[in-house]
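Student: Input: one structure, supplied below.
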Amino acid sequence: MPRLDPHSYADDAQPSTVRMNLQLWVDVLRSVVRGEITLHLDRPADGTLDLDTRDLAIEAVTSASGAPLRFELDAPDLILGRRLRVFLDDDQVRIVYRTAPHASALQWLSPAQTAGQQHPFVFTQCQAIHARSVLPCQDTPRIRARFSAELNVPRELTAVMAAAHGPRQYAGDDRAVYQFDMPQPIPSYLFAFAVGDLASIEVGPRSKVYAEPSVVEAAAWEFADIDPLLQRAEALFGPYPWDRFDVLVMPPSFPYGGMENPRLTFVTPALLAGDRSLVSVVAHELAHSWTGNLVTNASMEHFWLNEGFTVYAERRLVEAQYGEPTRVLQAAVGRADLELDIARLSEVDPRLTQLRVDLTERDPDEVFSTVPYEKGYLFLLRLEENVGRDRFDEMLRRYIERFRFTSITTDDLLDFLRVEFPDVIDGVDLAPWLDGPGLPNDAPSVRSDRLNLVIDLAHRWRDGHRPPFEVLDGFGPDEWQAFLGTLPPTLPADECEWFEDRFGLSTSDNAELRVGWLTVAARSNYGPAFDAVESTLMNTGRMKYLRPLYNALVHAGPIGKARASKIFAAAEQRYHPVARSLAKRIVQ
Ligand code: BES
Ligand code: ZN
């Protein structure tokens, strides 16, 4: 039974799913989805078909005609969930099931957890290996399937999916039924839906922004550059293959900055800074339309192919749209984050700082870091510098063309480069990048005069020289972020007070600046910042913010640590399951 993905029971010797037909009945009172799924295989099974499930109650397994099929549900594995083995010789199987209220891909929000406070909200987050908690499937990115889906939801709610939207009908007095279709084959981790009180505003010929009604106008304003970014992306990477690019602004508990669900990117409301400064996250998710959704990592061991290429592509979009200085500042922020993660992971297991990693018996959520993103970015920048931008761009377009709608490993990339673009890797020592720890010596440096000035101010403050107000007053959001990311780990209390009094960053609407500052202030054990830390931890579920803030409290001493536990106890019910376990690992 060959298994090429350490995170799936899917067996490479068995047929692959090519199409799924789904009917989902969303029960918001019980926090349960009742599902009926038919999997269509690329050939008849040879007696057995192994599927992934997690916390699913399997009610019936039948052939297409309804004849019961024998099946076995194995004991749960902590990381993989339970293998569902179906005994069949046909090329179709139908499964009736229900999800568990604590399904790892789903978060059920009470009205109080939404902006409007009137209606419940539920959404999926399937990457990396949570699709199996919403539908029984071959939950590996090696396998791609088309699907159609019908979502039956309370009539007062709107259902959206990462798929083409079909008609809506009403069923009885209180239910609505939405039809969706995904005509292109996608890996299971890109399966996504959300149900809630949603409105939308058109922001371009191919794009709408969806959000709760009270948020949707701010969202449409913040993301006004979607269409120009889409056009720039097509110029760089080829025609946009997914028809529409809509964005859904999630409730605050959404655990990521953004998720590249095809046709409908999900983003955190923390991007609504009111100054359009965090649009690079949308550029990132848009770039995944090529690097990730079209050319897909074959497993989480090659996650850097998704994220490294996408950060590279994101920064090309940012540079084209907002200019080189902005790109350099953002790359510098990424580099600072990378250095922190490399230092942290070197203590845990230095092999986690490689681009290509062995994840046997490792939970992908637990090893998540900026390494695949920022080390991947620097590696690609190194290759770009090796051959020049024109040649690199030619390679990138050919890479996308060659591997579109397939799932690849690092070796597939290397074989492609050796055959078609040997000059791109000529003279580059690949092993330290791909299979070595930390940052190789030939990592490109990210520098500009403006960045040097910002870094210099941060360093001088460390040596006791306060940065002059006039200069800080002239900082844009990216300069602020780079500055905050370069500050010493702690500052004396009177310095914290001086800075907070003047700039009030602990209540900034820009979550990046607020969290960047609160992290330093909390680590410095600066008491007056603790209330702002608490309110941020109570009001966002984005893991990028939870991680540094909980860590800062825990490392600030006994008072901070006690506060962290108290906040976690009050906030944990608000967090998405993956965010809850992250925070729990830190405070315990
Ligand atoms: N695909 C990721 C989010 C993700 C990664 C979900 C792994 C589950 C497992 C998404 O594209 C992403 O990278 N989001 C970043 C955005 C940033 C790098 C611009 C985030 O959430 O912060
Ligand atoms: Zn990404």
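Student: So Pro239 clears everything in (1) without any contact (Cβ under 8 Å) to a residue 40 or more places away in the chain; (2) in a loop (DSSP other than H, G, I, E, B); (3) within 16 Å of ligand 2 (Cβ to nearest atom) except one condition, right? Which one?
Tutor: It fails just one condition, (3).
Student: Turning to a different aspect of this structure: Starting from residues that are among the hydroxyl-bearing types (Ser, Thr, Tyr) and outside any helix (DSSP H, G or I), keep the ones in segment 277-300 and report whichever is surrounded by the fewest Cβ atoms within 10 Å (Cβ to Cβ).
Tutor: Across segment 277-300, the extreme among qualifying residues is Ser277.
Student: For Val295, only one of the following conditions fails: (1) farther than 17 Å from Ala235 by Cα; (2) of a type in the set (A, V, I, L, M); (3) within 11 Å of ligand 1 (Cβ to nearest atom). What is its number?
Tutor: (3)
Student: For the condition surrounded by 22 or more Cβ atoms within 10 Å (Cβ to Cβ), away from ligand 2 (no atom under 12 Å from the Cβ) and either closer than 22 Å to Arg542 by Cβ or free of Cβ contacts under 8 Å to residues at least 40 places away in the same chain (or both), what is the one hit in Leu345, Leu271?
Tutor: Among Leu345, Leu271, only Leu271 is surrounded by 22 or more Cβ atoms within 10 Å (Cβ to Cβ), away from ligand 2 (no atom under 12 Å from the Cβ) and either closer than 22 Å to Arg542 by Cβ or free of Cβ contacts under 8 Å to residues at least 40 places away in the same chain (or both).
Student: Going residue by residue through segment 395-418, is there one that turns out to be touching a strand residue (DSSP E or B) at 6+ places or on another chain (Cβ under 6 Å), of a type in the set (Phe, Trp, Tyr), surrounded by 13 or more Cβ atoms within 10 Å (Cβ to Cβ) and in a helix (DSSP H, G or I)?
Tutor: yes
Student: If you go through segment 419-458 one residue at a time, how many are assigned to a helix (DSSP H, G or I), over 25 Å from Asn297 (Cα atoms), charged (D, E, K, R) and in contact with a helix residue (DSSP H, G or I) (Cβ under 8 Å, 6 or more places away or on another chain)?
Tutor: Number satisfying all stated conditions: 1.
Student: Six or more apart or on different chains, Cβ atoms under 7 Å: show the pairs whose first residue is in segment 524-544 and touching a residue at least 40 places away in the same chain (Cβ under 8 Å) and whose second is of a type in the set (S, T, N, Q).
Tutor: Pairs that qualify, where the first residue is touching a residue at least 40 places away in the same chain (Cβ under 8 Å) and the partner is of a type in the set (S, T, N, Q), are Gly541/Ser253; Arg542/Thr268.
Student: Which residues, counting only those in segment 44-61, are surrounded by 13 or more Cβ atoms within 10 Å (Cβ to Cβ) and assigned to a strand (DSSP E or B)?
Tutor: Within segment 44-61, Thr48, Leu49, Asp50, Leu51, Asp52, Thr53, Ala57, Ile58, Ala60, Val61 qualify.
Student: Right, another one. Which of the residues spanning segment 169-192 are within 16 Å of ligand 1 (Cβ to nearest atom) and not in a helix (DSSP H, G or I)?
Tutor: If the condition is that a residue be within 16 Å of ligand 1 (Cβ to nearest atom) and not in a helix (DSSP H, G or I), then Ile186, Pro187, Phe191, Ala192 are the ones that fit.
Student: Hey, another quick one. Could you say whether any residue in segment 236-255 is among the aliphatic types (A, V, I, L, M), more than 16 Å from ligand 1 (Cβ to nearest atom) and surrounded by fewer than 22 Cβ atoms within 10 Å (Cβ to Cβ)?
Tutor: Yes, segment 236-255 contains at least one residue that is among the aliphatic types (A, V, I, L, M), more than 16 Å from ligand 1 (Cβ to nearest atom) and surrounded by fewer than 22 Cβ atoms within 10 Å (Cβ to Cβ).
Student: A further question follows. Contact list please: Cβ distance under 6 Å, first residue in segment 34-62 and outside the structural domain of Arg3 (by TED's automatic domain parsing), second residue among the basic types (Lys, Arg) and assigned to a strand (DSSP E or B), pairs at least six apart or on different chains.
Tutor: Hits for this filter: zero, empty list.
Student: Could you tell me which of the residues Glu384, Glu307 is assigned to a helix (DSSP H, G or I) and within 16 Å of ligand 2 (Cβ to nearest atom)?
Tutor: The unique qualifying residue is Glu307.
Student: Which numbered condition trips up Phe303, out of (1) over 26 Å from Asp435 (Cβ atoms); (2) crowded, with 24+ Cβ neighbours inside 10 Å; (3) of a type in the set (Phe, Trp, Tyr)?
Tutor: (1)
Student: For Leu135, which of the numbered conditions (1) among the aliphatic types (A, V, I, L, M); (2) closer than 30 Å to Phe403 by Cα; (3) in a strand (DSSP E or B) fails to hold?
Tutor: Among (1) among the aliphatic types (A, V, I, L, M); (2) closer than 30 Å to Phe403 by Cα; (3) in a strand (DSSP E or B), Leu135 violates only (3).
Okay, residues lined up against (1) charged (D, E, K, R); (2) touching a Gly at 6+ places or on another chain (Cβ under 6 Å); (3) under 24 Å from Leu109 (Cβ atoms):
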position: Ser508; (1), (2), (3): no, no, no
position: Leu518; (1), (2), (3): no, no, no
position: Ala521; (1), (2), (3): no, no, no
position: Ser524; (1), (2), (3): no, no, no
position: Phe530; (1), (2), (3): no, no, no
position: Glu534; (1), (2), (3): yes, no, yes
position: Met538; (1), (2), (3): no, no, yes
position: Val554; (1), (2), (3): no, no, no
position: Ile567; (1), (2), (3): no, no, yes
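Student: Of all residues in segment 277-299, which are more than 10 Å from ligand 2 (Cβ to nearest atom) and out of contact with any Pro (no Cβ under 9 Å at 6 or more places or on another chain)?
Tutor: Val279, Ser280, Val282, Ala283, Leu286, Val295, listed by residue number.
The values are calculated or read from the model by the stated rules, or taken from the named source; none is laboratory data. This one's a predicted model, so the numbers in the text were calculated from it and none came from an experiment. Methodologically, a virtual Cβ is constructed for each residue, glycine included, from the backbone with ideal geometry; neighbour enumeration extends over all protein chains shown.
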